[in-house]
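For reference, the structure is listed below as structure tokens.
The values are calculated or read from the model by the stated rules, or taken from the named source; none is laboratory data. Since we're looking at a predicted model, the values are computed, not measured. Every residue, glycine among them, receives a Cβ derived from its backbone with ideal geometry; neighbour counts consider all protein chains shown. With ligands, DNA and RNA removed, areas are computed over all heavy atoms of the protein, side chains included. Shrake-Rupley method; radii C 1.70, N 1.55, O 1.52, S 1.80 Å.
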Amino acid sequence: MSLVAEAFVTQLAAAEPWPENAALYQQLKEEQILLSDNASSLAVQAFLQMCNLPIQVICRANAEYMSPSGKVPFIHVGNQVVSELGPIVQFVKAKGHSLSDGLDEVQKAEMKAYMELVNNMLLTAELYLQWCDDVTVEEITHPRYGSPYPWPLNRILSYQKQWEVRRKMKAIGWAGKTLEQVLEDVDQCCHALSQRLGTQPYFFNKQPTELDALVFGHLFTILTTQLITDELSEKVKNYSNLTAFCRRIEQQYFEGHEKESSAIAARSSKRSLLK
């Protein structure tokens with residue numbers, strides 16, 4: 001999109017108030033959505049909750065193909081459709097809602113660096129586990145990803161997606177990694193996040209930013225998703241301030257809210273962090 005077109009869209013977005021019927025689209029919760037997409041969806045839900053903007057979560061088997069970028073989640077607000085956390089943050093900012101306006105330029109740069117770290121390490125590790133670990137692929141990924149579709153379409157779509165992700169892993173140098181190396185990368189990422197968070201309630205002291213929403217989406221989903229083993233979640237559990245951070249956001253922004261937009265509904269079924 002050109003800068004002129006982006007400016008025009010921004011102007012249109014700013015002119016319209018946030019509607020009550022705004023919707024977030026993702027795949028089917030119980031039987032289809034995978035770890036990485038669930039984490040990304042929860043991050044956007046958390047961000048919108050932090051902005052106090054109502055959103056209805058709508059699950060569609062073909063959500064990935066409905067998205068303008070081919071990625072979930074995406075939001076439908078008025079006559080605008082926007083996908084992925086970064087563009088959604090900018091879209092919401094155009095409507096006058098921002099979580100990071102109180103940060104100075106140095107803090108904003110640091111926030112963006114940590115968001116890149118999460119996307120480059122945690123998200124990539126989730127994709128690796130889903131599509132490159134053979135046991136996970138056969139026992140979880142293929143059955144879930146293709147579940148809404150009849151045979152042989154279910155297998156065809158799953159193998160197409162697997163080929164796409166593995167090609168990406170090869171391009172970024174992850175294809176040759178072992179699972180142990182990937183888990184070590186996750187541990188290093190968690191260590192960096194734990195060090196930055198320290199004893200603060202949020203990454204930039206007392207108020208959450210989009211970084212908090214992004215980290216929560218990924219860590220909470222990792223902690224509450226049933227996988228073949230608990231190796232991934234154990235890496236997060238090693239950092240008590242990160243698990244406390246997840247509990248804090250779950251309690252403050254999701255407990256008592258409608259089920260359609262709750263962390264309890266958004267995650268794959270395992271126990272709540274509060275129990």
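Among 27-34, 213-220, 174-181, how do they line up from the highest to the lowest mean number of other beta-carbon atoms within 10 Å? Can you show the working numbers first?
Values: 27-34: 18.6, 213-220: 28.0, 174-181: 13.1.
Packing order, densest peptide first, comes out as 213-220, 27-34, 174-181.
Cα-Cα over 27 Å: which of LYS29/LYS237; LYS168/LYS206; LYS29/LYS161; LYS112/LYS168?
LYS168/LYS206
Over the chain, what is the mean sequence separation of C-alpha contacts under 8 Å (at least six apart), divided by residue count, expressed as relative contact order in percent?
Relative contact order for the chain comes out at 25 percent.
Order 39-49, 96-106 from most to least packed using the mean count of other Cβ atoms within 10 Å.
Sorting 39-49, 96-106 by mean packing, highest first, produces 39-49, 96-106.
What fraction, in whole percent, of alpha-carbon pairs in region 86-197 exceed 16 Å separation?
Counting every Cα pair in region 86-197, those more than 16 Å apart make up 69 percent.
Roughly speaking, what is the stretch gain from ARG60 to GLU116, that is 0.36 nm per residue apart minus the C-alpha to C-alpha distance, in nm to one decimal? Could the numbers behind the result be given before it?
Numbers: separation 56, 0.36 × 56 = 20.16 nm, distance 2.85 nm.
So the chain would gain 17.3 nm between ARG60 and GLU116.
Given R₀ = 45 Å, FRET efficiency for GLN200-TRP151 by Cβ-Cβ distance, to 0.05?
FRET efficiency, GLN200 to TRP151: 0.30.
Per the Kirkwood definition applied to all pairs of different Cα atoms, how many angstroms is the hydrodynamic radius of region 3-99?
Averaging 1/r across every pair of different Cα atoms and inverting gives 13.5 Å.
Please compute the net charge surrounding ASN241, taking Lys and Arg as +1 and Asp and Glu as -1 over other residues with Cβ under 12 Å from its Cβ. Walk me through the intermediate numbers first.
Working: positive: ARG196, LYS237, ARG247, ARG248; negative: none.
Net local charge, ASN241 excluded: +4.
Per residue, how much accessible area does the chain show when a 1.4 Å probe rolls over the protein heavy atoms, in square angstrom?
Averaged over the residues of the chain, the accessible area is 48 Å².
Could you look at region 3-99 and say what percent of its accessible area is carbon and sulfur, using a 1.4 Å probe and all protein chains?
On the way: 2250 of 4310 Å².
The value for region 3-99 is 52 percent carbon and sulfur by accessible area.
Based on the Cα gyration tensor of the chain, what are the three equivalent ellipsoid semi-axes, each the root of five times an eigenvalue, rounded to whole Å and given largest first?
Here the semi-axes work out to 27, 24, 19 Å.
Name the residues of region 127-152 whose amide N is less than 11 Å from a point 7 angstrom out from the Cα of THR178 along the C-beta direction?
Counting only backbone N, you get no residues.
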